[in-house]
Amino acid sequence: MDKQKYYITTAIAYTSGKPHIGNTYEIVLADAIARFKRQQGYDVFFQTGTDEHGQKIEQKAAAAGITPKEFVDNVSSQIKEIWDLMNTSYDKFIRTTDADHEKQVQKIFKKMYAKGDIYKGKYEGWYCTPDESFWTESQLVDGKCPECGREVVRASEEAYFFKMSKYADRLIEHINTHPEFIQPESRKNEMMNNFLLPGLQDLCVSRTSFKWGIPVDFDPGHVVYVWLDALTNYITGIGYDADGESTDQYRKLWPADLHLIGKDIIRFHTIYWPIFLMSLEEPLPKQVFGHPWLLQGDGKMSKSRGNVIYADDLAKLFGVDAVRYFVLHEMPFENDGVITWELMVERLNSDLANVLGNLVNRTISMSNKYFGGVVADKGVNEPVDEELKEVVTQTAAKVAQKMEKLRVADAITEIFMLFKRCNKYIDETMPWALAKDEAKKDRLATVLYNLVEGISIGAELLFPYMPGTSERIMAQLCAQPRGFENLSTFGGYPSGNHVTDKPEILFARLDLQEVLEKVEALHPSAEPAAEKAEEKAEDNADNGIDLEPKAEITYDDFAKLQFQVGEIIACEEVKKSRKLLCNKVKIGSQVRQILSGIKSSYKPEDMVGKKVMVVTNLKPAKLAGMDSEGMILCAEDADGNLSLMVPEKDMPAGAEIC
């Protein structure tokens, strides 16, 4: 019987620079889903790749003094190296500079034009280069891009346009009748209320002001809009042909079962892409999942590290599977997650070294010590065994249930609940005490068999998330994979089998200070530059500043404001915003998201760990499409340099400022 197909894609990574751990999270998440589906018996095709055209690439290449192709070749290679480093099992890595992709994009553009969905006109409006997005005057927010908050430039040029409104009602109906199409639910509501229901503008789908793009072959002065080029990779990569000569692979795989993307590009994938497919008369993907972001936050990092953490640095310090475990386990389903060096060390020591590594090592060591490595089920059972078996045999179904809803972190938690139950079973049965009584030797053998069986089932379930660790455990237990469908039955480990005589340490406990020193060695401090910046700030502070006075207020007016000390526990740049930093601020027992226009004076790593003055009863506002729940106060000198208002003495987060 033929296996059921499962086609999964990531967003193709933009070749503007080396991907950080937040970008890398997506490929690891997709890999875990793909591996799990294979484990369930699906015929999986997993595609990823790189997005390599656009004005931003042309500008970066020019600044580097090389051709755009040389630039993207280098960055695409870096991206692929990191995807491979993270042990991801993609089946195809597509590049939008691939000749077959470029040819199909030209044919797709021509097909849409011949159908009347694309027409030639003149674009006059505003363009955001970082976003590669067009906006009307009414769509701007305070004169800036409504998506990223950055400056826009006035553009006037001949262009081709796509008639988006022609398909808008059909798309609205599809979303309403397919509740699973956009996930999580909050992303669907955002697309409907902010874009579709207010009405769609026709979309500019060609440019003439730069050259680094796929030429419109019947009008060579134009290049295809980068998003039309990039989105079509999902079909060109599996053999779509606009002339009707699509391959058997395409007919088998399309529609995609899952497009896995970051929440910041949900609009392109749930509005533009479905409409393009409708124009081509092709089925829509079954589901688009907009995952949250993984943010950096670590007050003890070196200032010279910049505002990102890279996957290869993490892998050097913790190992690939530890990094995979962290990013998969620590990311909530819908809200942003935070990564810090401290939290990485804590999770490795507690979950990986203690719960998992120690369990495997103890079990194998006791099997060798008491029975020469032979694991045999002697059938001497007690009620506590049934409790263990119940947990072990129910885990596979629980994991499948979580994975069906893409709750990957919850699925991993279920597996580690199995391992924790095995550890508890050791405490309950006390094998070392049984070993002292010869009459209880068969009971001891049964206990150790139950442990080996429980661990082997847990290890096989762990494979999609930590494949290397899973294989190492199975090898030490001398166990063979038995197939997902058999993991709900206890007793599949062959009685009389031998475990390895030399158990290896899966995860060694780490010392936080040693790790931080290694981090510093990877990225040596740039203290002299910091000292110069402080000297400049002192020079600027010599001259006083006179301000235009505002109208007087009464004490009652002032008393309406609530000022508190906030501790910044995480900070990152707002994607594609020139001014804004997004801070996670602890105030008492709460954590708020506060956006501040201080990027010119502070890097994210400078912010984390600081105690700052916060206005906490300010009405929430939306900046660059993100919610801001308060205001961080700072001073500004005549040159625009900013200085945070911080307490002179260490004060607890939430302390009132009066």
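What is the distance, in nm, between label points placed 7 Å from the Cα along the Cα-to-Cβ direction at residue 43 and at residue 655?
Modelled inter-label distance: 6.6 nm.
Which residue, 466, 328, 452, has the largest displacement toward the positive end of the dipole of the stretch 315-498 when charges sit on each Cβ (Lys, Arg +1; Asp, Glu -1)?
Farthest along the dipole direction, towards plus: 452.
Could you give the alpha-carbon Rg of the stretch 250-374 over 2.2 N^0.38 Å, rounded to two decimals? Kindly include the intermediate steps, with their values, before the conclusion.
Details: Rg = 21.6 Å, N = 125, 2.2 N^0.38 = 13.8 Å.
Normalised by 2.2 N^0.38 Å, the Cα Rg of the stretch 250-374 equals 1.57.
For residue 122 and residue 18, what does the FRET efficiency come to when R0 = 41 Å and r is the distance between their Cβ atoms, rounded to the nearest 0.05? Display every interim value, and only then the final one.
Details: r = 38 Å, r/R0 = 0.94.
Plugging the Cβ-Cβ distance into 1/(1 + (r/R0)^6) gives 0.60.
In deg cm²/dmol and to the nearest 500, what is the mean residue ellipticity at 222 nm of the chain if only DSSP H runs of at least 4 residues count, each as -39500 (n - 2.57), divided by the residue total? Display every interim value, and only then the final one.
Numbers: 23 runs with 262 residues, N = 658.
So the calculated ellipticity at 222 nm is -12000 deg cm²/dmol.
Please compute the modelled spin-label separation between residue 617 and residue 520, points set 7 Å along Cα→Cβ, answer in nm with one decimal.
Computed distance between label sites residue 520 and residue 617 equals 4.4 nm.
Charges at C-beta only: +1 for Lys and Arg, -1 for Asp and Glu. How large is the resulting dipole of the chain about its Cα centre, in Debye rounded to 20? Let's see the in-between values first.
Numbers: 78 positive and 101 negative charges, 299 e Å.
Rounded to the nearest 20 debye, it is 1440 debye.
Using only C-alpha positions, report the orientation-averaged shadow area of the convex hull of the stretch 224-274, nm², one decimal. Display every interim value, and only then the final one.
On the way: hull surface 16.0 nm².
Hull-based average projected area comes out at 4.0 nm².
Name the chymotrypsin sites (Phe, Trp or Tyr not before Pro) in the stretch 198-298 that are in a loop by DSSP and that have at most 12 other C-beta atoms within 10 Å, would you? Spell out each step's value before the answer.
Values: sites: 210, 212, 218, 225, 227, 234, 240, 250, 268, 272, 276, 289, 293; in loops: 210, 212, 218, 225, 240, 293.
Within the stretch 198-298, the qualifying chymotrypsin sites (Phe, Trp or Tyr not before Pro) (loop, at most 12 other Cβ atoms within 10 Å) are 218.
Taking 0.36 nm per residue of separation and subtracting the Cα-Cα distance, what length does fully extending residue 374 through residue 107 add? Intermediate results must be reported in sequence, preceding the final value.
Values: separation 267, 0.36 × 267 = 96.12 nm, distance 6.48 nm.
Between residue 374 and residue 107, full extension yields an extra 89.6 nm.
In percent, what relative contact order does the stretch 315-498 have, based on Cα pairs under 8 Å that are 6 or more apart in sequence? Intermediate values should be presented prior to the final figure.
On the way: 203 pairs, mean separation 56.4, N = 184.
Result for the stretch 315-498 is 31 percent.
Please report, largest first and rounded to whole Å, the three semi-axes of the ellipsoid equivalent to the stretch 315-498, where each semi-axis is the square root of five times an eigenvalue of the C-alpha gyration tensor.
They are 30, 18, 14 Å, listed from largest to smallest.
Distances longer than 21 Å among the Cα atoms of the stretch 1-76: what percent of all pairs is that?
Values: 1241 of 2850 pairs.
In whole percent, the share of Cα-Cα pairs in the stretch 1-76 beyond 21 Å is 44.
Taking R0 as 25 Å, what's the FRET efficiency between residue 485 and residue 508 from their Cβ-Cβ distance, rounded to 0.05?
On the way: r = 35 Å, r/R0 = 1.41.
So the FRET efficiency works out to roughly 0.10.
What fraction, in whole percent, of alpha-carbon pairs in the stretch 573-641 exceed 16 Å separation? Intermediate values should be presented prior to the final figure.
Details: 1085 of 2346 pairs.
In whole percent, the share of Cα-Cα pairs in the stretch 573-641 beyond 16 Å is 46.
Filter the trypsin sites (Lys or Arg not before Pro) in the stretch 124-205 down to the DSSP loop ones having no more than 15 other Cβ atoms within 10 Å, then list what survives.
Numbers: sites: 144, 150, 154, 163, 166, 170, 187, 188; in loops: 150, 163.
Within the stretch 124-205, no trypsin sites (Lys or Arg not before Pro) qualify (loop, at most 15 other Cβ atoms within 10 Å).
Only counting other Cβ atoms within 10 Å, I'd like 626, 331 sorted with the fewest neighbours first. Could the numbers behind the result be given before it?
Values: 626 17, 331 22.
In increasing order of surrounding Cβ atoms, one gets 626, 331.
Using alpha carbons only, how many angstrom separate the centre of the stretch 15-71 from the centre of the stretch 425-472?
Using only Cα atoms to place each centre, the spacing works out to 41 Å.
Give the long-range amide H neighbours of residue 150: residues separated by 5 or more places, or on another chain, with amide H under 5 Å away, using H modelled in the peptide plane at 1.01 Å from N.
Result for residue 150 returns 145, 578.
Quick one: what does P(r) look like for the stretch 1-129 with 5 Å bins over all Cα pairs, in whole %?
The distribution over the stretch 1-129 is 2, 9, 15, 15, 15, 16, 12, 8, 5, 2, 0, 0, given as percents.
Using Cα-Cα distances under 8 Å and only pairs 6 or more residues apart, what relative contact order does the stretch 449-501 have, in percent?
Working: 41 pairs, mean separation 21.1, N = 53.
Relative contact order of the stretch 449-501: 40 percent.
Quick check: net charge around residue 120, other residues with Cβ under 10 Å of its Cβ, Lys/Arg +1 and Asp/Glu -1?
Working: positive: 122; negative: 158, 219.
With Lys, Arg at +1 and Asp, Glu at -1, the net is -1.
Sort out the exposed loop GluC sites (Glu not before Pro) in the chain (DSSP loop, at most 12 other Cβ within 10 Å) and tell me the longest stretch that has none.
Working: sites that count: 180, 245, 281, 552, 648.
Counting only loop sites that pass the neighbour cut-off, the longest clear stretch is 282-551.
With a point put 7 Å past each Cα toward its Cβ, work out how far residue 636 is from residue 361 in nm, to one decimal.
The answer from the label model is 5.6 nm.
Mind computing the radius of gyration and Dmax over the alpha-carbon atoms of the chain? Å is fine for both.
28.4, 92
Could you pull out every whole DSSP H run in the chain that spans at least 30 Å of Cα extent along its own axis and averages 0.5 or higher on the Kyte-Doolittle scale?
Details: long enough: 383-404 (33 Å, -0.51); 408-429 (32 Å, 0.12); 441-462 (31 Å, 0.64).
Answer set is 441-462.
Which whole-number percentage describes the relative contact order of the chain, with Cα contacts under 8 Å and a sequence gap of 6 or more?
Details: 1145 pairs, mean separation 88.3, N = 658.
It rounds to 13 percent for the chain.
Using only the Cα atoms of the stretch 75-213, build the gyration tensor, take square roots of its eigenvalues as a ≥ b ≥ c, and label the shape rounded, prolate or oblate: rounded if a/c is under 1.5, else prolate if a/b is larger than b/c, else oblate.
Details: a/c = 1.37, a/b = 1.18, b/c = 1.17.
Judged from the Cα gyration tensor, the stretch 75-213 comes out rounded (a/c under 1.5).
Would you work out if the stretch 80-131 is rounded, prolate or oblate? Take a ≥ b ≥ c from the square roots of the eigenvalues of the alpha-carbon gyration tensor; rounded if a/c is under 1.5, else prolate when a/b is larger than b/c, oblate otherwise.
Values: a/c = 4.02, a/b = 1.76, b/c = 2.28.
In terms of gyration-tensor shape, oblate.
Does the stretch 336-422 classify as rounded, prolate or oblate by the C-alpha gyration tensor (a ≥ b ≥ c root eigenvalues; a/c under 1.5 gives rounded; else a/b over b/c gives prolate, otherwise oblate)? If you can, show how the numbers build up before the last one.
On the way: a/c = 3.25, a/b = 1.42, b/c = 2.28.
The shape class here is oblate.
Rule-based calculations on the coordinates, nothing more; no lab input. Computed from a predicted model, the values in this text were never measured in an experiment. Virtual Cβ from ideal backbone geometry, glycine too; neighbours counted across all protein chains shown.
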